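The values are calculated or read from the model by the stated rules, or taken from the named source; none is laboratory data. This one's a predicted model, so the numbers in the text were calculated from it and none came from an experiment. We place every Cβ from the backbone using ideal geometry, glycine too, and count neighbours over all the protein chains shown.
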Amino acid sequence: MAIHRTLAIVLRQAYLLRGSPARVLPLFAWVAVDIVLWGFITRYLNAVSGSGINFVATLLGAVLLWDFFMRVMQGVTMAFFEDVWSRNFLNFFATPLSTAEYVGGLVLTSIATSAVGLVVMVILASAAFHLSFLAYGLPLAAFLLVLFVFGIALGVFACAMVLRLGPAFEWFIWPIPAILSPFAGVFYPVATLPVWMQGVAHALPPAYVFEGMRTIVAGGSVSVASLLGGCVLAVVYLLLAGAFFVRTYRHAVRTGLIARYSAETLN
Amino acid sequence: MLAPSDGTIRIEGLDIASSRAQALERTNFAAVYAPLPGNLTVYQNLRVFGLLYGVNDLPARIGELLRQLDLEAFRNTRCGVLSSGEQTRVGLAKALLNRPHLLLLDEPTASLDPATARDIRAKIRAFAAEGGSGVLWTSHNMYEVEEVCDRVLFVSHGKILIEGDPKSLPREHGKATLEELFIATAREPLTIKEA
């Protein structure tokens, strides 16, 4: 694996971001909108519920962690879609670039873009609604790690699906986080769900993060074994997604799909 | 870049299936149907692809190619707004970045006006004349093939039907020009093969 080739992928994305406010704005605009919307909702709930539950720490914190997960996933897919839209696969994969170097470039791009969102989210949430991420303590690092790894895994899986099924499949990728969120227990304990949905939740790494977060806010201590389980699960998904991408790429190279990608021959 | 359906592809002895990166480091390609991303400038595209090929002293190499291919005026212009002739020259600059030992050109002059096409042919011939590199050029323009190539192969459905010197080949097959031979081969491939 040659680092200069991975950096070439990052450089291409940096050039695109530098020359385009339309690409920079979404890195933090949706995060800011979510903070304002959920910040006021949680402030209102704190005022009227009288339950003693701190909705800012539970709901707003959950929304922002979920936003972070989506930013990570979209950081990978958006960088990939740039090559879909500019029909650049033939040019890229006629070079010595390997799939590991290419995906590595997408991941580094996602780290940079999601870090921008994370910084904006931390500053805005603490300044406007006094939400301190430090209140989650050391487990916050594990929360972010699990969400990051699973976000990358889902992003790589989504890229492989679009590579296999064609550019039109892009529109099936955007709703994936919304479809997962009811199962992941972002806003409520997993125990609230029917049994079959709980089964799905246990297979999703973010569910362990949000359960742990709620436990901390309620004054308990997070289960290390549970968090470790979420972490292992996320790594397994990442490995599976990587293997799926390589398999899909090899299929595209073997069948010639990669040279006629825009023709959407599978459709 | 595609996997062969049968057999092996070797570039300077390197099997592309097992030593893909090393083999592709020695090659490059340009084709009208694979333009460089239109939302990057000429310089940005050449820098990205120069990094991918691991070109030494990249800024100097880019400067050299921009001069050779008359692209200095477009250095900071996005590729998407260039004319087809200019885009072809940018594609050629990308293809020459790593001084490939094997340069693959798929219809490099297709859809260009005759003056620009002649200019492009001259640039490619100048590159080939530097020595040390082979150029594999696919074209349906037989006048161009006759003018530029040392050796021609007529290929149909993955099989080589005829090969030889494009200047002497028509006579050897009883035809006046390479274009006549091409047309006859396309219509009656088996007859020509046996002749």
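Of the numbered conditions (1) surrounded by fewer than 21 Cβ atoms within 10 Å (Cβ to Cβ); (2) closer than 27 Å to residue B:159 by Cα; (3) facing chain A (nearest Cβ under 10 Å), residue B:28 satisfies every one except a single condition; which is it?
(1)
Which one of these does residue B:38 not meet: (1) under 17 Å from residue B:99 (Cα atoms); (2) at the interface with chain A (Cβ under 7 Å from one of its Cβ atoms); (3) surrounded by fewer than 18 Cβ atoms within 10 Å (Cβ to Cβ)?
(1)
Would you confirm whether any residue within segment A:79-86 is under 25 Å from residue A:228 (Cβ atoms), surrounded by 20 or more Cβ atoms within 10 Å (Cβ to Cβ) and at pLDDT 90 or above?
We begin by selecting, within segment A:79-86, every residue under 25 Å from residue A:228 (Cβ atoms); these are none.
Within segment A:79-86 (the criterion being under 25 Å from residue A:228 (Cβ atoms), surrounded by 20 or more Cβ atoms within 10 Å (Cβ to Cβ) and at pLDDT 90 or above), the answer is no, since none of the residues qualifies.
Which one of the conditions (1) closer than 29 Å to residue A:12 by Cβ; (2) more than 14 Å from every other protein chain (Cβ to nearest Cβ) does residue A:55 fail to meet, given that it meets all the rest?
All conditions are met except number (1).
Residues being among the polar types (S, T, N, Q) and in a loop (DSSP other than H, G, I, E, B): count how many of those fall in segment A:49-65.
Residues of segment A:49-65 among the polar types (S, T, N, Q): A:49, A:51, A:54, A:58.
Right, trim to in a loop (DSSP other than H, G, I, E, B) and you get A:51, A:54.
Of the residues in segment A:49-65, 2 are among the polar types (S, T, N, Q) and in a loop (DSSP other than H, G, I, E, B).
Quick one: which helices (runs of 4 or more DSSP H) lie wholly within segment B:115-195 and hold at least 3 residues that are modelled with pLDDT of 85 or more? First the steps, then the outcome.
Details: elements: B:142-148, B:169-172, B:178-187, B:189-194.
By residue number, B:142-148, B:169-172, B:178-187.
Within segment B:42-53, track down each residue that is surrounded by fewer than 22 Cβ atoms within 10 Å (Cβ to Cβ) and more than 8 Å from chain A (Cβ to nearest Cβ).
Scanning segment B:42-53 gives a single hit, B:43.
Within segment B:81-100, take every residue that is within 26 Å of residue B:131 (Cα to Cα) and among the small types (Gly, Ala, Ser) and give me the one that is modelled with the lowest pLDDT. Outline the logic, then answer.
Going through segment B:81-100, the residues within 26 Å of residue B:131 (Cα to Cα) turn out to be B:85-100.
Narrowing the set further to residues that are among the small types (Gly, Ala, Ser) leaves B:85, B:91, B:93, B:95.
Values: B:85: 86, B:91: 93, B:93: 94, B:95: 95.
Ranking the qualifying residues of segment B:81-100, first place goes to B:85.
Is it true that some residue in segment B:56-72 is touching a Phe, Trp or Tyr at 6+ places or on another chain (Cβ under 6 Å), surrounded by fewer than 17 Cβ atoms within 10 Å (Cβ to Cβ) and more than 17 Å from residue A:95 (Cα to Cα)?
No, segment B:56-72 has no match at all.
Going residue by residue through segment B:102-112, is there one that turns out to be hydroxyl-bearing (Ser, Thr, Tyr) and either buried (at least 21 other Cβ atoms within 10 Å of the Cβ) or in a helix (DSSP H, G or I) (or both)? Can you show your working first?
Going through segment B:102-112, the residues hydroxyl-bearing (Ser, Thr, Tyr) turn out to be B:109, B:111.
Narrowing further to those that are either buried (at least 21 other Cβ atoms within 10 Å of the Cβ) or in a helix (DSSP H, G or I) (or both): B:109.
The answer is yes, given that some residue of segment B:102-112 is hydroxyl-bearing (Ser, Thr, Tyr) and either buried (at least 21 other Cβ atoms within 10 Å of the Cβ) or in a helix (DSSP H, G or I) (or both).
Within segment B:135-180, which residues are among the aliphatic types (A, V, I, L, M) and within 16 Å of residue B:108 (Cβ to Cβ)? Working first, answer last.
From segment B:135-180, those among the aliphatic types (A, V, I, L, M) are B:135-136, B:142, B:145, B:148, B:152-153, B:155, B:160-162, B:169, B:176, B:178; that's our starting set.
Those that are among the aliphatic types (A, V, I, L, M) and within 16 Å of residue B:108 (Cβ to Cβ): B:135, B:136, B:142, B:145, B:148, B:152.
Which of the residues spanning segment B:93-123 are on the phi > 0 side of the Ramachandran plot and in contact with an Asp or Glu (Cβ under 9 Å, 6 or more places away or on another chain)? Spell out how you get there, then give the answer.
Start the filter on segment B:93-123 by keeping residues that are on the phi > 0 side of the Ramachandran plot, which leaves B:99, B:107, B:111.
Answer for segment B:93-123, where residues must be on the phi > 0 side of the Ramachandran plot and in contact with an Asp or Glu (Cβ under 9 Å, 6 or more places away or on another chain): just B:99.
Looking at segment A:195-224 only, could you name the residues that are assigned to a loop (DSSP other than H, G, I, E, B) and modelled with pLDDT of 95 or more?
Start the filter on segment A:195-224 by keeping residues that are assigned to a loop (DSSP other than H, G, I, E, B), which leaves A:203-204, A:218-223.
Passing the criteria: A:203, A:204.
Quick check: anything in segment A:93-111 assigned to a helix (DSSP H, G or I) and without any contact (Cβ under 8 Å) to a residue 24 or more places away in the chain?
As a first pass, look at segment A:93-111 and keep what is assigned to a helix (DSSP H, G or I): A:93, A:99-111.
Narrowing the set further to residues that are without any contact (Cβ under 8 Å) to a residue 24 or more places away in the chain leaves none.
Within segment A:93-111, none of the residues are assigned to a helix (DSSP H, G or I) and without any contact (Cβ under 8 Å) to a residue 24 or more places away in the chain.
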